[in-house]
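J.: This is the structure I want to talk about, given as structure tokens.
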Amino acid sequence: MVASLASERPKGIGGWLLLPAIGLCLFPPYALYSLAADYWPIFQLGMWGGLTTPGSGAYHPLWAPTLVYGIAANVVVIVFDLVLIVLLFRKSPRFPKAFVVFALLNLAFVSSIALLVWHITGAAEAVVTEVARSAVVVAIWLPYMLLSKRVRNTFRAGKANSE
């Protein structure tokens, strides 16, 4: 019995698992603020027409699809994050794999938006930070979600996962 209790440790949303949990909880307000700060002025200040109307000074044929894609990608990631928060606190066995998909999807979205913006503007430095941040999340937290004893013990299928 003592051996089986020892194999159960560590368990629960603690240790290093606390960091992605905090990140998941902070992400929706950050992403909503980013949407409001980055995209709202485009529509509110009338920049949409200048960016998407052929013949205007700032026009590029990729602006409209890039902006629509950016907004849609952000909404998808916010909704996915909220689902992850529910899975996390329910200690669902689906959480670790869903987190892996979330992190990879976020990296793909951020990288593709960065590539489009770079193609339009030629300004790489504005998007490199976001791509690097997403890549670091993938590099650190994917192995943790797949290999950690705490994650395995906390989100084990078929067991009572409450502490």
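J.: So, in the chain, how many Lys pairs have Cα atoms under 13 Å apart, if the pair is 8 or more places apart or on different chains?
T.: Numbers: Lys11/Lys91; Lys11/Lys149; Lys11/Lys159; Lys91/Lys159.
Going through the chain pair by pair, I get 4.
J.: Right, something else. Could you grab the relative contact order for the chain? Cα pairs under 8 Å, six or more apart, rounded to a whole percent.
T.: Values: 135 pairs, mean separation 51.5, N = 163.
Relative contact order for the chain comes out at 32 percent.
J.: Express the carbon and sulfur contribution to the solvent-accessible surface of the range 1-119 as a percent, rounded to the nearest whole number, probe 1.4 angstrom. Working shown, then result.
T.: Values: 5140 of 6840 Å².
Its accessible area is 75 percent carbon and sulfur atoms.
J.: Could you let me know the centre-to-centre spacing of the range 50-90 and the range 142-156, using Cα atoms, in angstrom?
T.: After rounding, the separation between the Cα centres reads 31 Å.
J.: Using +1 at the Cβ of each Lys and Arg and -1 at the Cβ of each Asp and Glu in the chain, identify which of Ile113, Leu82, Ser92 lies farthest towards the dipole's positive end.
T.: Ranked along the dipole, the leading option is Ser92.
J.: Further question: For Rg and Dmax of the Cα atoms in Å, which listed value, (i) 16.7, 48; (ii) 20.0, 76; (iii) 24.2, 79, comes from the coordinates shown?
T.: (ii)
J.: If I build a Gaussian network model for the chain, linking alpha-carbon pairs within less than 10 angstrom, which residue out of Ile42, Ile78, Ile113 has the largest mean-square fluctuation?
T.: For the chain, modelled as a Gaussian network with Cα springs under 10 Å, the answer is Ile42.
J.: So with the 1.4 Å probe, I'd like the accessible area per residue for the chain, rounded to whole Å². Please list the in-between numbers first.
T.: Numbers: 9480 Å² over 163 residues.
With the other protein chains kept in place, the chain gives 58 Å² per residue.
The values are calculated or read from the model by the stated rules, or taken from the named source; none is laboratory data. Everything numeric in this text was worked out from a predicted model, so none of it was measured. Cβ coordinates were reconstructed from backbone atoms using ideal geometry, including for glycine residues, and neighbour counts include every protein chain displayed. Heads up: the accessible areas ignore ligands, DNA and RNA and are worked out on the full protein's heavy atoms, side chains in. Shrake-Rupley method; radii C 1.70, N 1.55, O 1.52, S 1.80 Å.
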